[in-house]
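Quick notes on the structure that follows.
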Amino acid sequence: MKLLLIGFGVVGQGLAQILRDKAAELKSKHNFTAEIIGVATASKGALYRSSGLDISALLQAAEGGSFVDFPDQPGLRRDMTVREMIMIGEADVLVEASPTNLETAQPALDFCYQALEAGMHLALANKGPVALDYAGLRAKARAKGLLMRYEATVMAGTPTMRLAQDALAGCEIRSARGILNGTTNYILTQMEKGLSYDDALAQAQAQGYAEADPSGDVEGWDAAGKVLILANALFGGKLAMADLAVSGITAISAADIADANAAGQRYKLIARATPDGGEVKANRLPLDDPLASVGGATNAITLETDLLGDITLIGAGAGKLETGYAILSDLLAIQRRLTAKRNPPANPS
């Protein structure tokens, strides 16, 4: 399987590290081999080589901050545009792992459509295209006979979408609600330990959980993007960001936290998707709610089903290897689907 990676930050490097370190295991256990033939970034440059890029050299160059230090090799091309890489048509899968834009999803959305037009499957870690144009991308992929996978867009490598769409096939999912942003959950957990909001935010930034500008997390927009993905993918909706009621945790004080604790409750930023819409807001949960016990930067989701009741999944919602694994799981799923299509079971005689 030949891969074209857009973006080579934490997520792209996590995938590359897994492909390098687990190459023998993936080959022996899953008959899976993958080579990265192209990488395009906004800050480090771009590399393309039809016969594959050396992953160790790629990671080393990325660690230095620029692909200028990537060693010259026969057939290596530098600083191609993404469109040029796509139009060559040698890659099997476009892995979109560039930074998320929840306002327009660009330029990633254009890259996805170009890749589909060129006959490439999609594996997305970038939330923007799936959140803002799920229906359009899905229709285009189906029309072209291609696959679109996006496990990494919700709860990183914790198999949220696979659970909902594959393992729970045959169940009616009536709602999905969860803690889908680790930064805010970490802040609320620290506030419960006695820190003020400002001190908890500063600690989250020092730990690397929060960006220098944390507004996308603490005001609820990151979680809102995941609500759109869940609502549109699980319930066939066509929601836009303007359709959601979104608020964050910035107005929650230490007194609010103490008041909730005195009442046997705990504040959590809850993202909720249903067939009728979605929302993100801070909720006071009773302590026996399974989501109330999830602390720190951990994520969790509860799926309400008709046949099995509530199913709660708890796991990492971010991380280098965790999100890299999510993309790997999508690549393996694509390979399985293609293998099954090429080798259908024989009809019984």
With PHE32, PHE8 as the choices, which residue is in a loop (DSSP other than H, G, I, E, B), aromatic (Phe, Trp, Tyr) and within 21 Å of the chain's Cα centre (by Cα)? PHE8
What is the one condition in (1) of a type in the set (A, V, I, L, M, F, W, C); (2) out of contact with any strand residue (DSSP E or B) (no Cβ under 8 Å at 6 or more places or on another chain); (3) within 26 Å of ALA245 (Cβ to Cβ); (4) open to solvent by 10 Å² or more (accessible area, probe 1.4 Å) that ALA167 does not satisfy? (3)
Helices (runs of 4 or more DSSP H) within region 153-244 that include 1 or more residues of a type in the set (Ser, Thr, Tyr): 182-192, 197-206, 215-218
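Got a number for residues in region 271-286 being in contact with a strand residue (DSSP E or B) (Cβ under 7 Å, 6 or more places away or on another chain) and surrounded by fewer than 22 Cβ atoms within 10 Å (Cβ to Cβ)? Outline the logic, then answer.
Taking region 271-286 first, the residues in contact with a strand residue (DSSP E or B) (Cβ under 7 Å, 6 or more places away or on another chain) are 271-274, 278-286.
Next cut, surrounded by fewer than 22 Cβ atoms within 10 Å (Cβ to Cβ) only: 274, 279, 281-286.
Residues that pass the stated criteria total 8.
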A careful count of residues in region 136-150 that are touching a residue at least 60 places away in the same chain (Cβ under 8 Å) and of a type in the set (A, V, I, L, M, F, W, C) gives 1
What is the number of the single condition among (1) open to solvent by 50 Å² or more (accessible area, probe 1.4 Å); (2) touching a residue at least 40 places away in the same chain (Cβ under 8 Å) that THR183 does not meet? (1)
Name the single residue that is modelled with the lowest pLDDT among those in region 319-349 being of a type in the set (S, T, N, Q) and open to solvent by 30 Å² or more (accessible area, probe 1.4 Å). SER349
Restricting the first residue to region 261-278 and requiring it to be touching a residue at least 40 places away in the same chain (Cβ under 8 Å), which pairs with a second residue that is of a type in the set (D, E, K, R) and not in a strand (DSSP E or B) meet a Cβ separation below 8 Å and a spacing of at least six or different chains? ASN261/GLU192; ARG266/GLU192; TYR267/GLU192; TYR267/ASP256; ALA271/LYS226; GLY277/ASP243; GLY278/ASP243
Residues located in region 223-239, provided they are without any contact (Cβ under 8 Å) to a residue 60 or more places away in the chain, open to solvent by 20 Å² or more (accessible area, probe 1.4 Å) and on the phi < 0 side of the Ramachandran plot: GLY237, LEU239
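Among the residues that make up region 304-325, is at least one of them of a type in the set (S, T, N, Q) and closer than 20 Å to GLY157 by Cβ? Walk me through how you get there before you give the answer.
Here is the first cut: in region 304-325, the ones of a type in the set (S, T, N, Q) are 305, 312, 323.
So of that shortlist, the ones also closer than 20 Å to GLY157 by Cβ come out as 312, 323.
Yes, region 304-325 contains at least one residue that is of a type in the set (S, T, N, Q) and closer than 20 Å to GLY157 by Cβ.
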So for region 119-137 (the condition being surrounded by 14 or more Cβ atoms within 10 Å (Cβ to Cβ), out of contact with any helix residue (DSSP H, G or I) (no Cβ under 7 Å at 6 or more places or on another chain), charged (D, E, K, R) and at negative phi), does at least one residue qualify? no
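Among ASP217, ASP199, which is the only one that is out of contact with any Leu (no Cβ under 8 Å at 6 or more places or on another chain) and surrounded by 15 or more Cβ atoms within 10 Å (Cβ to Cβ)?
On the way: ASP199 fails: surrounded by 15 or more Cβ atoms within 10 Å (Cβ to Cβ).
Selected residue: ASP217, the only one of ASP217, ASP199 that is out of contact with any Leu (no Cβ under 8 Å at 6 or more places or on another chain) and surrounded by 15 or more Cβ atoms within 10 Å (Cβ to Cβ).
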With the requirement that a residue be loosely packed, with under 14 Cβ neighbours inside 10 Å and modelled with pLDDT of 95 or more, what does region 43-62 give you? SER51, SER56, GLN60
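Applying the selection to region 109-118, what residues are open to solvent by less than 10 Å² (accessible area, probe 1.4 Å) and farther than 25 Å from GLY317 by Cβ? I'd like the intermediate steps shown before the answer.
Quick first cut of region 109-118, residues open to solvent by less than 10 Å² (accessible area, probe 1.4 Å) only: 112, 115-116.
Listed by number, the residues that qualify are ALA115, LEU116.
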Over region 65-108, the set of residues open to solvent by 60 Å² or more (accessible area, probe 1.4 Å), among the charged types (D, E, K, R) and at negative phi is ASP69, ASP72, ARG77, ARG78, ARG83, GLU84, GLU90, ASP92, GLU103
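The values are calculated or read from the model by the stated rules, or taken from the named source; none is laboratory data. Source: prediction; values computed, not measured. Every residue, glycine as well, gets a Cβ built from its backbone with ideal geometry; the counts of neighbours run over all protein chains shown. What goes into the accessible areas is simple: the full protein's heavy atoms, side chains included, and nothing from ligands, DNA or RNA. Shrake-Rupley method; radii C 1.70, N 1.55, O 1.52, S 1.80 Å.
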